[in-house]
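Comments concern the structure below.
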Amino acid sequence: MMPGSAPPAAGSGMFVPTHTAGTVLCCMCGVSMQPNPANMCARCLRARVDITEGVPRNAAVVYCPDCFSYLQPPRSWIKAGPESPELMQILLRRIKHPLARLRVSLSGAEFVFSEPHSKRLRLKLRLRREVLNGIVLEQTHPVEFVVHDRLCDSCARAQANPDQWVAVVQLRQHVPHRRTFLYLEQLLIKHGQAALAIRVASAPGGLDFFFGSRSHAARLVDFLGTVAPIQTNTAKQLVSHDTKSFIYNYKYTFSVEICPICREDLIALSPKASRDLGGLGPLVLCIKVTNAIALLDPLTLRVHHLEEKKYRVYNFKAALTSKQLVEYMVLDIEQESPEITVDGSRYQLAYAQVARMSDFGKNDTVFTVRTHLGHRLNPGDLALGYDLYGANMNDDDMDKALLRQNLPEVILVKKSYEKKPRTRRWKLKRLPVEEDLGNKPKGEEEKRDDEYGRFLLELERDPELRFGINLYKNEDYRSEMASTIGDDVPTVPIEELIEDLSLGDDDEDEEEEGSAPAGMVE
């Protein structure tokens, strides 16, 4: 066949020899094998060449049992769960330098199960190295790490003296409920902003976060400024100083006050504030609170975002709060305008005929009101709203608004659903908050449990509210335990839930390592 010509077609009658790979005999054992530069089979190569020679089989790792962190030399502490990728990375760094010195490459690693109480971590490595004229051998190599318990700096300081803190963040909000703190708690857990706190203590009107470093407290204050409208004041107190070395030790205090306006609050704007905001109101609803306050005029669907500095100019208060919501029955509804979307939320103006649930069987009082919930309400539904007709309010701006304009008798806020006790398929994590049991008022525990239950209901019914927090699967949930609820009652989709990684049991038990499947690093 000439160079460049096509190979003969099958069935052309020409003899085409088959290509066979040549074999040679091993120079040591005489086994037939594929030729290689060493003329030795793989078994003989492994018997005479050990690529793991010089690679350590034992090492040590330092572990803090209080905060579940491992020491990353020289002074960094990294939180890592049992058999997690973070723990694998910490262990491999302990043997990185010997592998580089011996010119051995790592092709894979996996955990080998060890008893939690043995204080041992075992890895099985797959090492690769070039030997004898370019031949590459791969071999497994076990490494055992001895876990030494030692408290990290912050935990050691807390164990020695819990009051030996350097900085404290005093978070306060002057409102009659703790809804804001329940939501902030979930944000802090998700972003790990309170992980460096020595302890978290409950205080009247808020929480106190104690830190061992001023920078950690300042980072928490910066984070709070991105998720809530806050006003911050700082102070410091001299604890001790060395006149010879000019070293001064201070205790720092960050006083953080959150704006007293919360979601679903009804606000009566003063004439000056209404005029400066472009004729908004005078009655507005707070629909969202981030680092700015979103105010909605329920009669015109106008929305205005008010920053914290601008809010301090007017410094208005809530005329009615969510604790004063009244339940109404929707008798009839008539849409006035098409549905629109404002800041990612849907609204539709409509006229609704409603009656108070408490009036059924007593009188025939019916209110015809304008509402922004035309896309949600249907005849027969329940709704929560503010009763301006019978409310007893002590607010000058509200009195002025009632005199100047013909305001509605009812402001509907949200749709209500029938309350039925049921087991949820999801759960939330909580911060370890220290309570002052001696000074706790009577009935405070029941009040907080009720507020927490209402917060869980709000998360179920508001996808936008639970967008920024983590919801975990409830391992104790079983489908047969759930009670039957209506089809229109919102629930949390299972796609929004994440697996919960438990790093330990109760406080009185020691940490137990999970039996998760071994990880692999390629």
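The values are calculated or read from the model by the stated rules, or taken from the named source; none is laboratory data. Here the structure is a predicted model, which is why all the values come from computation and not from measurement. Cβ coordinates were reconstructed from backbone atoms using ideal geometry, including for glycine residues, and neighbour counts include every protein chain displayed. All accessible areas refer to the heavy atoms of the entire protein, side chains included, with ligands and DNA or RNA removed. Shrake-Rupley method; radii C 1.70, N 1.55, O 1.52, S 1.80 Å.
Quick notes on this structure:
A quick yes/no check of all residues on (1) at pLDDT below 85; (2) within 27 Å of residue 380 (Cα to Cα); (3) not aliphatic (A, V, I, L, M):
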residue	(1), (2), (3)
424	yes, yes, yes
433	no, no, no
436	yes, no, yes
441	yes, no, yes
447	no, no, yes
454	no, yes, yes
463	yes, yes, yes
478	yes, no, yes
486	yes, yes, yes
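- Restricted to segment 158-256, the set of strands (runs of 3 or more DSSP E) holding at least 2 residues that are open to solvent by 40 Å² or more (accessible area, probe 1.4 Å) comprises 167-172, 230-242.
- Looking only at residues in segment 433-456 that are in contact (Cβ under 8 Å) with a residue 24 or more places away in the chain and not in a loop (DSSP other than H, G, I, E, B), the one that is farthest from residue 492 (Cα to Cα) is 434.
- From the list 98, 37, the one residue that fits, being of a type outside the set (Lys, Arg) and modelled with pLDDT under 80, is 37.
- Spans of strands (runs of 3 or more DSSP E) in segment 301-419 with at least 1 residues touching a residue at least 24 places away in the same chain (Cβ under 8 Å) and more than 28 Å from residue 276 (Cα to Cα): 326-335, 350-356, 367-371, 382-387, 410-416
- Residues that are in contact with an Asp or Glu (Cβ under 7 Å, 6 or more places away or on another chain), open to solvent by 70 Å² or more (accessible area, probe 1.4 Å) and modelled with pLDDT of 90 or more, drawn from segment 111-131: 120, 122, 124
- Summed over segment 29-54, residues that are over 15 Å from residue 127 (Cα atoms) and hydroxyl-bearing (Ser, Thr, Tyr) total 1.
- Test: residue in segment 116-131 that is in contact with a helix residue (DSSP H, G or I) (Cβ under 8 Å, 6 or more places away or on another chain) and not in a strand (DSSP E or B): no
- Counting the residues of segment 271-311 that are crowded, with 20+ Cβ neighbours inside 10 Å and among the hydroxyl-bearing types (Ser, Thr, Tyr) gives 1.
- Among residues of segment 331-353, those that are under 12 Å from residue 369 (Cα atoms) and touching an Asp or Glu at 6+ places or on another chain (Cβ under 9 Å), counted: 6
- Candidates are the residues of segment 30-86 that are without any contact (Cβ under 8 Å) to a residue 40 or more places away in the chain, touching a Phe, Trp or Tyr at 6+ places or on another chain (Cβ under 9 Å) and open to solvent by 30 Å² or more (accessible area, probe 1.4 Å); the one that is nearest to residue 20 (Cα to Cα) is 86.
- Residue match in segment 79-99 (condition: in contact with a strand residue (DSSP E or B) (Cβ under 7 Å, 6 or more places away or on another chain) and part of a strand (DSSP E or B)): yes
- When segment 328-343 is limited to residues that are open to solvent by less than 70 Å² (accessible area, probe 1.4 Å) and not β-branched (Val, Ile, Thr), the one that is farthest from the chain's Cα centre (by Cα) turns out to be 337.
- Test result for residue 328, touching an Asp or Glu at 6+ places or on another chain (Cβ under 9 Å) and aromatic (Phe, Trp, Tyr): yes
- Residue satisfying condition, being touching a strand residue (DSSP E or B) at 6+ places or on another chain (Cβ under 9 Å), closer than 17 Å to residue 492 by Cβ and open to solvent by 50 Å² or more (accessible area, probe 1.4 Å), within set 419, 414, 427: 427
- Residue within segment 97-110 that is under 30 Å from residue 155 (Cα atoms), surrounded by 13 or more Cβ atoms within 10 Å (Cβ to Cβ), in contact (Cβ under 8 Å) with a residue 40 or more places away in the chain and of a type in the set (D, E, K, R) present: no
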